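Input: a single structure, listed below in structure tokens.
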Amino acid sequence: MHRYANPTLFGRIIDRVRGPATLAGLALIAVGLYLGLFVAPPDYQQGESFRIMYVHVPAAWMSMFAYAGLAVSSAVYLIWRHGVADVAAKAIAPAGAAFTAIALVSGALWGQPMWGTWWVWDARLTSVLLLFFLYLGYMVLRDAFDSPERGARAAGILAVVGVVNLPIIKFSVDWWNTLHQPATISKLDAPSIHPSMLWPLLLMALGFTLLFVGIVCLRARAELLERRARTIEMQAALGGE
Amino acid sequence: MSDPMAPGPSGATPGLGRTLLAVLRRDLARTAGRSGDVVAVLAFFVVAATLFPLGVGPGPQVLSRIASGVVWASALLAVLLSLDRLFDTDRNDGALEALALAPAPLALVVVAKVVAHWLTTGLPLIVAAPVVAIMLQIDSAVLGTLMLSLAVGTPALSLIGAIGAALTLGARRGAALMPLLLLPLYVPVLIFGVGAVEAAANGLPTGPHLMLLGAGSVLALALAPLAAAAGLRAALD
């Protein structure tokens with residue numbers, strides 16, 4: 001049977017992080033939503049409907065951040081064969097896919113009043129849709145083998161290959177002059193957004209990140225327990241007890 | 001006929017170039033022995049393209065407007081369809097183990113196999129493309145650009161496809177998985193390929209699109225064999 005690279009220590013760390021991260025994330029999201037939805041002034045151009053930005057933009061950031069995490073964990077797993085890196089990758093994928101779905105749906109809801117359409121085939125939207133397909137492909141490929149390790153390695157390679165999509169998403173609004181607005185927070189010293197609108201956004205981003213960390217820890221804990229249960233089952237079957 | 005994979009008469013291991021050439025010749029000979037594979041891909045290409053006039057209506061204006069995209073998308077789907085046999089037969093008859101032990105890096109063996117795949121898939125598609133394009137009322141002035149864009153872009157399809165074929169080796173519903181895995185990686189090829197033809201149709205320079213397409217193929221040549229070889233090793237463990 002496979003010995004995972006110190007899952008005990010990994011388990012202890014995620015147990016320590018899981019609760020506080022989830023709670024702090026939810027609290028920050030609550031504060032951020034309140035400030036964003038009720039306190040921030042309406043946008044001079046977009047009126048009230050810009051407020052969906054407080055869900056849309058952090059979700060879109062998270063969709064890429066999570067993919068980077070997925071790719072890094074997969075690379076670590078492929079290079080050093082650390083089982084815990086694979087546990088992390090497996091835990092990240094559905095969470096990242098969920099944030100990508102939130103970004104796509106909230107973007108459609110924002111696009112309808114702003115552009116008069118739910119969907120346009122502009123570069124940013126299309127590349128994020130492809131990111132969603134990559135997450136789906138990762139999860140389905142992982143699942144498509146009888147041997148979990150074979151699935152983990154195949155999906156890991158796919159995750160690493162898919163990294164080429166990240167710079168395409170990041171720069172699509174700069175490279176192609178399409179309907180989607182260019183990045184607002186790109187200049188940290190003087191962002192083109194008023195502080196009263198910026199603060200809730202940053203709180204939401206931090207909240208989403210912490211919530212993501214909490215979810216990933218929870219899923220990783222479940223995966224570790226599942227693997228241990230499988231090992232015990234296997235030992236029982238082999239030991240004839 | 002002697003087995004090209006067997007060691008030479010003296011029992012010495014063949015050199016790198018001879019090994020790769022042997023892999024290439026073996027794959028080509030196998031496809032020549034089963035010409036149905038090539039016919040199936042071409043038939044799929046023509047049938048898929050035929051669906052569009054039936055679906056969107058036979059109006060020449062509409063058809064000539066979408067012809068380049070239809071040809072490119074149908075070619076892309078035909079390549080997807082052909083990928084399941086890239087490594088599958090080798091895996092079933094045990095040749096994959098032999099290839100992994102061959103006196104050549106597995107990534108280069110993948111390149112040799114991809115060249116064979118392109119010669120039996122991409123090349124026939126390029127030859128058949130003008131016929132389909134003319135059926136779709138394409139402006140004959142852009143036919144050359146269409147074929148050129150396919151010639152520059154289809155190697156990338158075969159190379160990236162090798163990754164998908166290697167990763168799904170032995171997977172349940174592997175062929176059904178392939179489109180989901182490869183579509184995100186294929187889309188840039190499609191965009192720049194069609195972009196070149198559209199530029200030609202509008203009297204704009206096609207160079208930038210073709211160069212980006214070529215850059216995609218070169219990038220795929222550099223990276224895809226490594227990823228595919230890693231996938232094959234995972235399948236062998």
Conditions (1) modelled with pLDDT of 90 or more; (2) outside any helix (DSSP H, G or I): number failed by B:Gly170
(1)
Can you confirm whether A:Ile79 is farther than 21 Å from B:Gly164 by Cβ, assigned to a helix (DSSP H, G or I) and more than 12 Å from chain B (Cβ to nearest Cβ)?
no
Looking at B:Ala67, B:Ala48, B:Ala22, B:Ala40, can you tell me which residue is surrounded by 13 or more Cβ atoms within 10 Å (Cβ to Cβ) and modelled with pLDDT of 90 or more?
B:Ala48
Over the range B:201-237, the set of residues within 10 Å of chain A (Cβ to nearest Cβ), among the hydrophobic types (A, V, I, L, M, F, W, C) and outside any helix (DSSP H, G or I) is none
Let me confirm something: among B:Leu159, B:Leu185, B:Leu180, which residue is more than 11 Å from chain A (Cβ to nearest Cβ) and part of a helix (DSSP H, G or I)?
B:Leu159
A:Ala154 passes all but one of the listed conditions (1) within 14 Å of another protein chain (Cβ to nearest Cβ); (2) modelled with pLDDT under 85; the exception is number (2)
Can you confirm whether B:Leu125 is under 21 Å from B:Gly33 (Cβ atoms), at pLDDT below 85, touching a helix residue (DSSP H, G or I) at 6+ places or on another chain (Cβ under 6 Å) and more than 14 Å from every other protein chain (Cβ to nearest Cβ)?
no
Just for the range A:131-148: of the residues that are assigned to a helix (DSSP H, G or I) and more than 8 Å from chain B (Cβ to nearest Cβ), which one is nearest to B:Pro188 (Cα to Cα)?
A:Phe132
Here's a check for you: in the range A:105-130, which residue that is within 12 Å of chain B (Cβ to nearest Cβ) and of a type in the set (Gly, Ala, Ser) is surrounded by the most Cβ atoms within 10 Å (Cβ to Cβ)?
A:Ser127
Show the residue pairs that are 6+ apart or on different chains and have beta-carbon atoms under 9 Å apart, the first residue being within the range A:217-229 and within 16 Å of A:Pro148 (Cα to Cα) and among the small types (Gly, Ala, Ser), the second being at pLDDT below 90 and assigned to a helix (DSSP H, G or I).
A:Ala220/A:Phe10; A:Ala220/A:Gly11; A:Ala220/A:Ile14; A:Ala220/A:Arg18; A:Ala220/A:Val84
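Yes/no per residue for (1) closer than 30 Å to A:Glu226 by Cα; (2) assigned to a helix (DSSP H, G or I); (3) in contact with a Phe, Trp or Tyr (Cβ under 8 Å, 6 or more places away or on another chain); (4) not hydroxyl-bearing (Ser, Thr, Tyr):
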position: A:Val55; (1), (2), (3), (4): no, yes, no, yes
position: A:Ser73; (1), (2), (3), (4): yes, yes, no, no
position: A:Asp86; (1), (2), (3), (4): yes, yes, yes, yes
position: A:Lys90; (1), (2), (3), (4): yes, yes, no, yes
Yes or no: A:Thr100 within 14 Å of chain B (Cβ to nearest Cβ), on the phi < 0 side of the Ramachandran plot and modelled with pLDDT of 80 or more?
yes
Sole residue being closer than 22 Å to A:His194 by Cα, of a type outside the set (A, V, I, L, M, F, W, C), crowded, with 16+ Cβ neighbours inside 10 Å and modelled with pLDDT under 90, chosen from A:Gly83, A:Gly36, A:Gly11, A:Gly47
A:Gly36
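The values are calculated or read from the model by the stated rules, or taken from the named source; none is laboratory data. Just so it is clear, the structure is predicted and the values come from calculations on it, not from any experiment. Quick reminder, even Gly has a Cβ in these numbers, built from the backbone with ideal geometry, and neighbours come from all protein chains shown.
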